[in-house]
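This report refers to the structure that appears directly beneath it.
The values are calculated or read from the model by the stated rules, or taken from the named source; none is laboratory data. Just so you know, these numbers come straight off a predicted model, no measurement behind them. Heads up, the Cβs are rebuilt from the backbone with ideal geometry, glycines too, and the neighbour counts pull from every protein chain shown.
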Amino acid sequence: MSPTSSGAAARTATASVSSSPGSPLARLVTGAIALFERLPNTAIAFIARFSVAAVFWNSGQTKVEGFVLNFVSGEFALGWPRLSDSAVSLFQDEYKLPFIAPELAAPMAALAEHVFPLLLLIGLATRLSALALLVMTLVIQVFVYPGAYATHGTWAAVLLYLMARGPGALSVDHWLAGRHAAAHPQRRR
């Protein structure tokens with residue numbers, strides 16, 4: 001079946017469901033769509049923030065010593081963080097980024113992989129933090145692991161969602177926006 005005929009078949013199937021609004025299948029599809037549309041953005045955004053933050057945080061944790069904070073495994077070692085001995089060699093031997101020295105890239109990545117996920121998790125500067133992590137994702141995709149496009153595409157989709165829709169109501173950004181609106185009621189539309 002060609003792409004044109006499969007698209008036509010899908011339109012015909014959709015038209016047949018929508019042309020008989022009282023049919024059980026049409027009611028089932030309409031009900032399912034209505035149910036899915038009621039999923040709250042706040043819950044979706046929180047799961048997105050938590051999940052993508054965990055990916056980058058865990059990566060950052062591999063680059064530091066003296067500070068371990070893993071809520072999932074329960075591992076804690078609170079101390080002054082320092083760049084691990086293996087972090088620079090990781091950038092020299094495996095990552096091999098062009099245009100930036102491994103001695104500079106390793107601490108920058110370790111810092112970014114801790115700061116931006118933390119900001120995402122609490123929902124502060126969410127859109128900018130998501131943009132920063134999206135840029136990191138693109139660098140990883142293009143220069144480090146070009147074959148991992150499925151994983152990086154998933155991260156990018158989550159980060160783009162957060163950039164487009166924001167962090168949801170369970171966030172510092174939402175709280176600050178509410179305070180700003182209350183302090184400046186004339187700026188409301």
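Just so you know, in the range 137-155 the residues that are under 25 Å from residue 102 (Cβ atoms) and under 12 Å from the mean Cα position of the chain (by Cα) include one that is surrounded by the fewest Cβ atoms within 10 Å (Cβ to Cβ), and it is 151. Of the set (1) touching a residue at least 60 places away in the same chain (Cβ under 8 Å); (2) in contact with a Pro (Cβ under 7 Å, 6 or more places away or on another chain), all apply to residue 54 but (2).
Taking the criterion of being among the basic types (Lys, Arg) and within 23 Å of residue 131 (Cβ to Cβ), the residues of the range 34-71 that qualify are 49, 63. Any chance the range 112-120 includes a residue that's assigned by TED's automatic domain parsing to the domain that holds residue 165, over 23 Å from residue 48 (Cα atoms) and touching a residue at least 12 places away in the same chain (Cβ under 8 Å)? The answer is no; no qualifying residue exists. Of all residues in the range 111-136, those satisfying the criterion of being surrounded by 21 or more Cβ atoms within 10 Å (Cβ to Cβ), of a type in the set (Gly, Ala, Ser) and closer than 28 Å to residue 80 by Cβ are 123, 129.
Residue by residue, here is whether (1) outside the structural domain of residue 56 (by TED's automatic domain parsing); (2) of a type in the set (A, V, I, L, M); (3) closer than 23 Å to residue 61 by Cβ; (4) touching a residue at least 12 places away in the same chain (Cβ under 8 Å) holds:
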| residue | (1), (2), (3), (4) |
| --- | --- |
| 105 | no, yes, yes, yes |
| 127 | no, no, no, yes |
| 130 | no, yes, yes, yes |
| 135 | no, yes, yes, no |
| 144 | no, yes, yes, yes |
| 154 | no, no, yes, no |
| 160 | no, yes, no, yes |
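Identify all residues within the range 57-107 that are part of a helix (DSSP H, G or I) and farther than 21 Å from residue 146 by Cβ; write none if there are none. Selection gives 57, 58, 60, 61, 85, 86, 87, 88, 89, 103, 104, 107.
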